[in-house]
Amino acid sequence: MNMRQETRDHWKEATALLAGGVSSPVRAFHAVGGDPVFLVEGDGAHVRDASGRDYIDLSMAWGPLVLGHARPEVIKAVQETAAKGLHFGACHPLEARLARLIVDHHSAAEKVRFTTSGTEAVMSAVRLARHATGRNKVVAFQGCYHGHADLFLAAGGSGLATFGLSGAPGVPDGTVDDTAFLPLDDLATVRAFFDAHGDEVACVVMEGVPANNGLLVQDPAFVRAVERIAHRHGALLLLDEVITGFRLGPGGATSYYGLKPDLVTFGKVIGGGMPLAAYAGRSDLMDLLAPTGPVYQAGTLSGSPVALAAGVATLETLLSEAPWDHLSHASSRLFSGLVNSAESAGVPFTGQVMDSIVWGLFADGPPPVRPDGITADAVARYARFHQAALRNGVYLPPSAHEVSFVSTAHDDAIIDETTERLGRAMDEVGA
Ligand SMILES: Cc1ncc(COP(=O)(O)O)c(C=O)c1O
């Protein structure tokens, strides 16, 4: 059976049995076309599909694998813990061990609560903020993603006083009535919104660095001003560090921007590739959670020992190796290689690099700071580029809106090989 046929067979079976063929929508490749790839093995910077084809990976499971695939320290910790039993639904010493690593390195984390997904972490932190302030409204920013809890599935409002109107089927308008999505990089609108509604706002939720609609790096002055305005009006700052936590250095975006968030969320890196996330923050707030306080949140599989073991091994390895310079070097080397290839291929190309996060956009001019800068033409070009990249042996995230990640396993030789392969893909897009 040829490889293409084998993938088709897997996909046929998946679409017959799974909703949309997938466990999470973007994996169906609708944004880039072609049949999805079934990845079954990973090693360092490489992944292998079900038919044995090898790719250099730039998606890295959407961000958790900062140490690369199947890092021996992490796999050993998982295997040793799993061998003793998968889950007990009781207290486990690894909970405090991982919490200690978080509390010792992240200035906003005084106490921690583990969850299974980032969605749960942000949703629960908002519940806590609402109780703590006695207010209901939540301010978020257009183009940012905080998981799929109902309250965040509001249509990106058009600015001042635009409260959520649900944009999502199945989400009643009432659920998002108190969510306001304001434009990024627009302090005047934030100020005007707080002037009108400031005493009703429970929290401002902000991604450490917006990285779910391209990499929309904000002016640090904007980020700090949002924090100041929120606090001046008695609202909490909930910094969503699901992507940036332990990726922009151990202190995440909190330390990068010198912020003092009241609550912070983690996911991805702290679970090292296992289903684990957390919310954390000021002790007085975290003590409002049940059982010490009245705010309820729970989970059968919360604090899974195997996931905690992966998290502890990942953070301990990261902290002892401190590979931040290497990661920045790798992503910058990759990005400049792509800029050169785009120039030779005659295709418009811009983008951003921040630490180990890389994002390229097929457009001219400076990189956008708001999601509306991602044009239909750039999206269509990315779809062709994605398919060409696969043919040339590079696995990119299957959407123009998603960022790429490099890991400690992406050394110079691998980055140069990636650049060469993506250069060929760029030529195909340009042709
Ligand atoms: C910033 C941010 N917050 C929350 C989430 C939701 O996390 P999860 O997919 O684990 O539910 C994501 C997921 O990509 C994210 O990037």
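The values are calculated or read from the model by the stated rules, or taken from the named source; none is laboratory data. None of these values were measured; they are calculated from a predicted model. FYI the Cβ positions are ideal-geometry reconstructions off the backbone, even for glycines, and counts take in every protein chain you see.
Which of the following residues is touching a helix residue (DSSP H, G or I) at 6+ places or on another chain (Cβ under 8 Å) and within 16 Å of the ligand (Cβ to nearest atom): V78, V37, V32, V22? Reasoning before the result, please.
Numbers: V78 fails: within 16 Å of the ligand (Cβ to nearest atom); V37 fails: within 16 Å of the ligand (Cβ to nearest atom); V32 fails: within 16 Å of the ligand (Cβ to nearest atom).
After ruling out the rest, the residue left standing is V22.
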Note to self: For a quick check of your reading of the model, give me the residue pairs whose first member lies in the stretch 14-42 and is over 26 Å from A376 (Cα atoms), whose second is outside any helix (DSSP H, G or I), with beta-carbon atoms closer than 6 Å and at least 6 apart or on different chains.
What the structure shows: F38/D49; F38/A50; L39/V47; L39/D49; V40/A50; E41/R48; G42/H69; G42/A70
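Just to check your reading of the model, which residue among F194, F181 is touching a Lys or Arg at 6+ places or on another chain (Cβ under 9 Å) and under 18 Å from L238 (Cβ atoms)? Outline the logic, then answer.
Values: F181 fails: touching a Lys or Arg at 6+ places or on another chain (Cβ under 9 Å).
The unique qualifying residue is F194.
For R100, state whether it is surrounded by 18 or more Cβ atoms within 10 Å (Cβ to Cβ), modelled with pLDDT of 95 or more and away from the ligand (no atom under 16 Å from the Cβ). Give the derivation first.
Numbers: surrounded by 18 or more Cβ atoms within 10 Å (Cβ to Cβ): no; modelled with pLDDT of 95 or more: yes; away from the ligand (no atom under 16 Å from the Cβ): yes.
When the stated conditions are applied, R100 does not pass them.
Hey, among R333, R384, which residue is in contact (Cβ under 8 Å) with a residue 60 or more places away in the chain, assigned by TED's automatic domain parsing to the domain that holds H30 and of a type in the set (D, E, K, R)?
R333
Among the residues that make up the stretch 124-142, is at least one of them assigned to a strand (DSSP E or B), buried (at least 23 other Cβ atoms within 10 Å of the Cβ) and away from the ligand (no atom under 15 Å from the Cβ)?
So the first thing to find is which residues in the stretch 124-142 are assigned to a strand (DSSP E or B), and the list is 137-141.
Still in the running and buried (at least 23 other Cβ atoms within 10 Å of the Cβ): 138-141.
If we keep only those that are away from the ligand (no atom under 15 Å from the Cβ) too, we end up with 139.
Scanning the stretch 124-142, I find at least one residue that is assigned to a strand (DSSP E or B), buried (at least 23 other Cβ atoms within 10 Å of the Cβ) and away from the ligand (no atom under 15 Å from the Cβ), so the answer is yes.
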Item checked: Identity of the residue in the stretch 103-121, away from the ligand (no atom under 16 Å from the Cβ) and in a helix (DSSP H, G or I), that ends up surrounded by the fewest Cβ atoms within 10 Å (Cβ to Cβ) -> D104
Next item on the list: Could you grab the pairs with beta carbons closer than 6 Å, sequence gap of 6+ or different chains, first residue in the stretch 218-246 and assigned by TED's automatic domain parsing to the domain that holds T189, second one in a loop (DSSP other than H, G, I, E, B) and small (G, A, S)?
Entry: L239/G208; E241/G208; V242/G267; I243/G63; I243/A211; T244/G208
Next item on the list: Determine whether the stretch 287-304 contains at least one residue that is in contact with a Gly (Cβ under 9 Å, 6 or more places away or on another chain) and part of a helix (DSSP H, G or I).
Entry: no
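Does L288 satisfy the criteria of being in the same structural domain as T116 (by TED's automatic domain parsing), touching a residue at least 12 places away in the same chain (Cβ under 8 Å) and buried (at least 19 other Cβ atoms within 10 Å of the Cβ)? Steps first, answer last, please.
On the way: in the same structural domain as T116 (by TED's automatic domain parsing): yes; touching a residue at least 12 places away in the same chain (Cβ under 8 Å): yes; buried (at least 19 other Cβ atoms within 10 Å of the Cβ): no.
Judged against the criteria, L288 is not a match.
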Checklist line | Residue within the stretch 353-376 that is farther than 25 Å from V209 by Cα and of a type outside the set (S, T, N, Q) present | finding: no
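Residues are listed down the side, and each one gets a yes or a no for (1) buried (at least 23 other Cβ atoms within 10 Å of the Cβ); (2) among the small types (G, A, S); (3) touching a residue at least 24 places away in the same chain (Cβ under 8 Å):
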position: P305; (1), (2), (3): no, no, yes
position: T317; (1), (2), (3): no, no, yes
position: W359; (1), (2), (3): yes, no, yes
position: P366; (1), (2), (3): no, no, no
position: I374; (1), (2), (3): no, no, yes
position: A380; (1), (2), (3): no, yes, no
position: R391; (1), (2), (3): no, no, yes
position: V406; (1), (2), (3): yes, no, yes
position: I414; (1), (2), (3): no, no, yes
Checklist line | All positions within the stretch 195-211 that are touching a strand residue (DSSP E or B) at 6+ places or on another chain (Cβ under 9 Å) and either free of Cβ contacts under 8 Å to residues at least 40 places away in the same chain or not in a helix (DSSP H, G or I) (or both) | finding: V201, A202, C203, V204, V205, M206, E207, G208, V209, P210, A211
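Within the stretch 224-277, which residues are among the aromatic types (F, W, Y), more than 11 Å from the ligand (Cβ to nearest atom) and under 15 Å from the mean Cα position of the chain (by Cα)? Talk me through it step by step, then tell me what you get.
Going through the stretch 224-277, the residues among the aromatic types (F, W, Y) turn out to be 246, 256-257, 266.
Subset that is more than 11 Å from the ligand (Cβ to nearest atom): 246, 256-257.
If the condition is that a residue be among the aromatic types (F, W, Y), more than 11 Å from the ligand (Cβ to nearest atom) and under 15 Å from the mean Cα position of the chain (by Cα), then F246 is the only one that fits.
So which of E6, E95 ends up being more than 24 Å from V403 (Cβ to Cβ), more than 16 Å from the ligand (Cβ to nearest atom) and touching a strand residue (DSSP E or B) at 6+ places or on another chain (Cβ under 8 Å)? Give the derivation first.
Working: E6 fails: touching a strand residue (DSSP E or B) at 6+ places or on another chain (Cβ under 8 Å).
The unique qualifying residue is E95.
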Next item on the list: State which residue is farthest from N392 (Cα to Cα) when the search covers only the stretch 406-428 and only residues that are aliphatic (A, V, I, L, M) and outside any helix (DSSP H, G or I).
Entry: A409
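Residue by residue, here is whether (1) of a type in the set (V, I, T); (2) part of a loop (DSSP other than H, G, I, E, B); (3) in the same structural domain as G118 (by TED's automatic domain parsing) holds:
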position: K12; (1), (2), (3): no, no, no
position: G33; (1), (2), (3): no, yes, no
position: E41; (1), (2), (3): no, no, no
position: S51; (1), (2), (3): no, yes, no
position: V78; (1), (2), (3): yes, no, yes
